[in-house]
Amino acid sequence: MSLLELKHIYKIYGELHALDDVNLKVEKGEWVSIMGPSGSGKSTMMNIIGCMDKPSKGEVLLDGVDIARESGKNLTTIRRDKIGLIFQQFHLVNYLNALENVMLAQYYHSIPDEKEALEALDRVGLADRAKHLPSQLSGGEQQRVCVARALINHPEIILADEPTGNLDDANEETVVDLFHKLHDEGTTLIVVTHDPEVAEVAQRTVVLRNGKIHKETVNTNFTGKIRFRD
Amino acid sequence: MKKRKMFLRMITASLMRRRSRMLVAFLAIAIGATILSGLMTIYFDVPRQMGAQFRNYGANMIFTPTGEDFTNEDLESGLSHIKSSDLVGAAPYRYETVRIHEQPIMAAGTSMEDVKKTSPYWLVEGEWPAAAGEVMVGQGVAESLQLKQGDTVAIRYTEETEEGAEEEAADNEIDYKVTAVLSTGGSEEDYVYMNMEDLEELTGLAGSIDLAEVSISSGADQLNSYMEQINSEVPSVDARLVKRVTASETTVLSKLQALVLLVTVIVLALTMICVATTMTAVVAERRKEIGLRKAIGASDKSIVTEFMGEGMMLGGLGGIVGVFLGFAFAQTISKHVFSSSIIFRPGLVPLTIAASILVTGIACLSPIRSATKVDPALVLKGE
């Protein structure tokens, strides 16, 4: 059984079909990139997979459970327990320091554990910046805090929406390296990106266009390492 | 780390690290709590303060005899039922008709020191009679008999006897020095006042009094309670309230207290509006943060708890500041209006803090409801 399966998913706003009969399977431990131009339905699909929105039609099976049929309260629980979210704009709480931002995810999930949160920051190379506020961190560092926050509760899937969209090349490489490590540890990754270099790092790339899956390519030379073009 | 500790850490961080943003709400609460605490202190202290003020307008209880004899012992027995801290003064009076220049005048024997306490509004021109042989004449008497301070006046007492009585009637005349002229604007101006001993010497009758004026500093309920207690337990005394004084005192007090309460309610309502407005702005400003919290697993209940926690902590802090500023505010008002210090009432500390927390909590309800409606998918959307 696939970890995630989208079956005939539609998201319709009046006349607009943001998603139009999308079918997708993601296996446990797989690294999938989702690409597509603006308005292609990437964000809508992310929101549905991330339990922040429901499809108009179709089934979304996450770990065998059809999340399209779940109540808002249950979706919050599923999101908390199974999904780690990474955003383009990082979205850290600006008055909490790096450590507290990571602990925030623990707080909603179970019990805050400062030691474990510090270890997560150490994994992303920011143990020494734990007490810094987001405003005292660079963009790359903020995104790494975001990664630490996403992985702290050991989610089934890490869902990253344009995770490198606001980063320079060096930080982009750092974040992709982190993804590589997570993938090596068996974490399932779904990364939405505009950037072909980031998309190509994944095992599989799904291209959306006008709400439909336009193309799927499998990276036969998968290394998990980013290769910048000149 | 326990969840509660993290919760406190979050709301403390939110208030402390965003203090410039929360300052307006904090100031609104602190000012509201200051006025609440100040006005409540005044509200509870007004009866005491006003009671003291009202005592300047004369006695509020009269003791009269129920039978023939009424002595100082009866007076003391009546006064023993009044708390000494409430008793401002009690002046005994005995009245006799005397003659000055053959004109009948009412002479009152009393204790001048006690009269000073029960009738502080008396305007005495000259020196209060202190030594034996000194009298104070009312303005009316002074005018009709052409008397002034420093004059010597012969006062004659002739005992009224029943027709056919065998005993010889007492007839005595003594010279007294007028030490003062009394103005009150009332019937007191038609009397001659002397010390009780002088009147007893003049009349040859000792031991009994006609009535006593008693000045008590307490509210209407307590006064009634004293009156009932004295009437039931001291049979020789008929205690009555001076309605003209007690009724006006009660009316003024209740109106003043109602006014203070009304102002307090208005201030609390304004505080609530100000806090609600500020919290609405705070929620609008933090929509992304709320969306993020929801995205990483916060339930609506968590969002409500966190914002309510922030609001209540703010309310508590504002309340604590307000308690002390409020006392200073009440003290300033008391010193300017009543010229006396106000009593600190510890019971108002929890009341003010609880009221601040409650008002802030109510003010936060609507903004928090809008916070729970934030859609994470919308607010976290990429640029």
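The values are calculated or read from the model by the stated rules, or taken from the named source; none is laboratory data. Here the structure is a predicted model, which is why all the values come from computation and not from measurement. Note that we place each Cβ from the backbone using ideal geometry, even for glycine, and neighbour counts take in every protein chain shown. Quick note on the areas: whole protein, heavy atoms, side chains included, nothing else; ligands and nucleic acids left out. Shrake-Rupley method; radii C 1.70, N 1.55, O 1.52, S 1.80 Å.
Note on the stretch B:59-241: Rg/Rh from C-alpha atoms, Kirkwood Rh, equals 1.00.
Here the relative contact order of chain A, from alpha carbon pairs under 8 Å that lie six or more residues apart, stands at 27 percent. For the stretch B:269-351, which whole percent of the accessible surface, found with a 1.4 angstrom probe, sits on carbon and sulfur atoms? That fraction is 75 percent. Charge dipole (Cα centre; +1 on Lys/Arg Cβ, -1 on Asp/Glu Cβ; no other charges) of chain B amounts to roughly 7200 debye. When the Gaussian network model of chain B links Cα atoms closer than 10 Å, the mean-square fluctuations of B:G347, B:G138, B:G316 top out at B:G347.
Between the residues B:G347, B:V24, B:Q149, the greatest Cα displacement towards the positive end of the dipole of chain B, with unit charges on the Cβ of Lys, Arg, Asp and Glu, is found for B:V24.
Its relative contact order, with pairs defined as Cα atoms under 8 Å and 6+ residues apart, puts chain B at 29 percent. Ligands, DNA and RNA excluded, the heavy atoms of B:V321 present near 60 Å² of accessible surface to a 1.4 Å solvent probe. Our compactness index for the protein assembly as shown, the C-alpha radius of gyration over the empirical 2.2 N^0.38 Å, is 1.75. With K and R counted +1 and D and E -1, the other residues having a Cβ less than 9 Å from that of B:R156 yield a net charge of -2.
Along chain A, counting only GluC sites (Glu not before Pro) with a DSSP assignment other than H, G, I, E or B and at most 15 other Cβ atoms inside a 10 Å radius, the longest segment between sites is A:28-184.
Within the shell of other residues whose beta carbon sits under 12 angstrom from the beta carbon of B:A130, the net charge comes to -3, with Lys and Arg scored +1 and Asp and Glu -1. Per 10 Å bin from zero, what fraction in whole % of the C-alpha pairs of the stretch B:258-383 is there, up to the bin with the longest pair? Distribution as computed: 13, 34, 25, 15, 9, 4, 1 percent. Here chain B has an Rg and Dmax of 33.8, 122 Å, counting Cα atoms alone. Over the residues of chain B, the helix contribution to mean residue ellipticity at 222 nm works out to -19000 deg cm²/dmol, using -39500 (n - 2.57) for each DSSP H run of at least 4. Please give the FRET efficiency for B:E173 paired with B:L205, using the beta carbon to beta carbon distance and R0 = 22 Å, rounded to the nearest 0.05. E between B:E173 and B:L205, to the nearest 0.05, is 0.90. In the assembled protein chains, B:T184 presents an accessible area of approximately 30 Å² (probe radius 1.4 Å).
Dipole check for the stretch B:59-241: with +1 at the C-beta of Lys and Arg, -1 at the C-beta of Asp and Glu, and the Cα centre as origin, the magnitude is about 1020 Debye.
Of the chymotrypsin sites (Phe, Trp or Tyr not before Pro) in the stretch B:1-82, not one is in a loop by DSSP (not H, G, I, E or B) with at most 16 other beta carbons within 10 Å.
Rolling a 1.4 Å probe over the protein chains gives B:L211 an accessible area of about 40 Å². As a quick test, which of the pairs B:K2/B:K381; A:K181/B:K3; A:K42/A:K225; A:K11/A:K225 have an alpha carbon distance above 26 angstrom in this structure? Flagged as over cut-off: B:K2/B:K381; A:K181/B:K3; A:K11/A:K225. Amide H to amide H distances under 5 Å link B:S340 with B:K335, where only residues 5 or more positions off or on other chains count and H is placed in the peptide plane. Each Lys and Arg adds +1 at its Cβ and each Asp and Glu adds -1 at its Cβ; summed about the Cα centre, the protein assembly as shown shows a dipole of about 6860 debye.
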